[in-house]
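For reference, the structure is listed below as structure tokens.
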Amino acid sequence: MDFRDSIRVIPDFPQPGISFKDITTLLKDGEAYRRAIDELKALVSHLQIDVIAGPEARGFVVGAPLAYALGVGFVPIRKSGKLPYETIEVGYDLEYGKDTLAVHTDAIKPGQNVLIADDLLATGGTIATSVSLVEQLGGKVVGAAFLIELVQLAGRKKLNDIEVMALLNYED
Ligand SMILES: O=P(O)(O)OC[C@H]1O[C@H](OP(=O)(O)OP(=O)(O)O)[C@H](O)[C@@H]1O
Ligand SMILES: Nc1ncnc2[nH]cnc12
């Protein structure tokens, strides 16, 4: 299945010069959504995964169903101020702004193998920050899985030797 047909591209959102890849058109199509998660599951099948971590908000709609499909737990990595228990936090830049991500200090056990999942890899700031949070808790990041990779932004360079997997590549 060519998932590209299910992604809507919006020029100049949320600011001029950004070509926004809108996954809501894929999410509302039950067949395409299910197949996308099934294909991600196949892409990560060689990895030993104890838990999936996904950054708010779009990382939830990819990471949580993937965790369910694999029969592993899901850890939400949230924007600052949302999690109720003790957290660690890291600030970062993204393609169109700045933010801070947080995770509960007991979300990951030291030594657990963690797959990070999100809808899209752009500059890699979100995922590098997620990797930092997981590693601060003692987790080992065994891979990062996405629906979409914006290859020109070279986000995977921020991830050093972490394996990066994506269903779709965009050149712009
Ligand atoms: O590789 P990067 O340059 O970090 O960009 C990618 C991130 O940007 C988007 O999230 P956003 O922060 O817009 O939040 P949202 O999921 O709440 O829309 C997207 O869902 C990724 O998480
Ligand atoms: N171009 C883009 N489209 C959709 N989400 C994004 N997050 C960061 N860059 C993005």
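The values are calculated or read from the model by the stated rules, or taken from the named source; none is laboratory data. Source: prediction; values computed, not measured. So basically every Cβ, Gly included, is an ideal-geometry build from the backbone, and we count neighbours across all protein chains shown.
Let's see how each residue does on (1) touching a helix residue (DSSP H, G or I) at 6+ places or on another chain (Cβ under 7 Å); (2) assigned to a helix (DSSP H, G or I); (3) touching a residue at least 40 places away in the same chain (Cβ under 8 Å):
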residue: 4; (1), (2), (3): no, yes, yes
residue: 16; (1), (2), (3): no, no, no
residue: 21; (1), (2), (3): no, no, yes
residue: 26; (1), (2), (3): yes, yes, yes
- Residues being within 16 Å of ligand 2 (Cβ to nearest atom) and surrounded by 13 or more Cβ atoms within 10 Å (Cβ to Cβ) - total across segment 23-59: 10
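Okay, residues lined up against (1) within 10 Å of ligand 1 (Cβ to nearest atom); (2) buried (at least 19 other Cβ atoms within 10 Å of the Cβ); (3) modelled with pLDDT under 95; (4) of a type outside the set (Phe, Trp, Tyr):
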position: 107; (1), (2), (3), (4): no, yes, no, yes
position: 115; (1), (2), (3), (4): no, yes, no, yes
position: 118; (1), (2), (3), (4): yes, yes, no, yes
position: 140; (1), (2), (3), (4): no, no, no, yes
position: 144; (1), (2), (3), (4): no, yes, no, yes
position: 148; (1), (2), (3), (4): yes, yes, no, yes
- Query: Could you give every pair whose Cβ atoms fall below 6 Å, whose first residue belongs to segment 58-70 and is farther than 18 Å from residue 32 by Cβ, and whose second residue is away from ligand 2 (no atom under 16 Å from the Cβ) and of a type in the set (A, V, I, L, M), counting only separations of at least 6 or pairs across chains?
  - Reply: 67/52
- Item | Unique residue being aromatic (Phe, Trp, Tyr) and closer than 12 Å to residue 115 by Cα when the list is 60, 74 | 74
- Failed criterion for residue 99 (all others in (1) within 16 Å of ligand 2 (Cβ to nearest atom); (2) at pLDDT 95 or above hold): (2)
- Message: I'd like to verify a number: residues in segment 60-74 that are within 26 Å of residue 25 (Cα to Cα) and either within 16 Å of ligand 2 (Cβ to nearest atom) or out of contact with any helix residue (DSSP H, G or I) (no Cβ under 8 Å at 6 or more places or on another chain) (or both), how many?
- Response: 7
- Item | Subset of segment 65-74 [crowded, with 17+ Cβ neighbours inside 10 Å and assigned to a helix (DSSP H, G or I)] | 65, 66, 67, 70
- Of the conditions (1) among the acidic types (Asp, Glu); (2) farther than 16 Å from residue 129 by Cβ; (3) within 16 Å of ligand 2 (Cβ to nearest atom), residue 86 clears all except one; give me its number. (3)
- Pairing a residue in segment 152-172 that is closer than 19 Å to residue 4 by Cα with any residue that is assigned to a loop (DSSP other than H, G, I, E, B) and β-branched (Val, Ile, Thr), where Cβ atoms lie under 8 Å and the two sit 6 or more apart in sequence or on different chains, gives 153/123; 165/44; 168/7
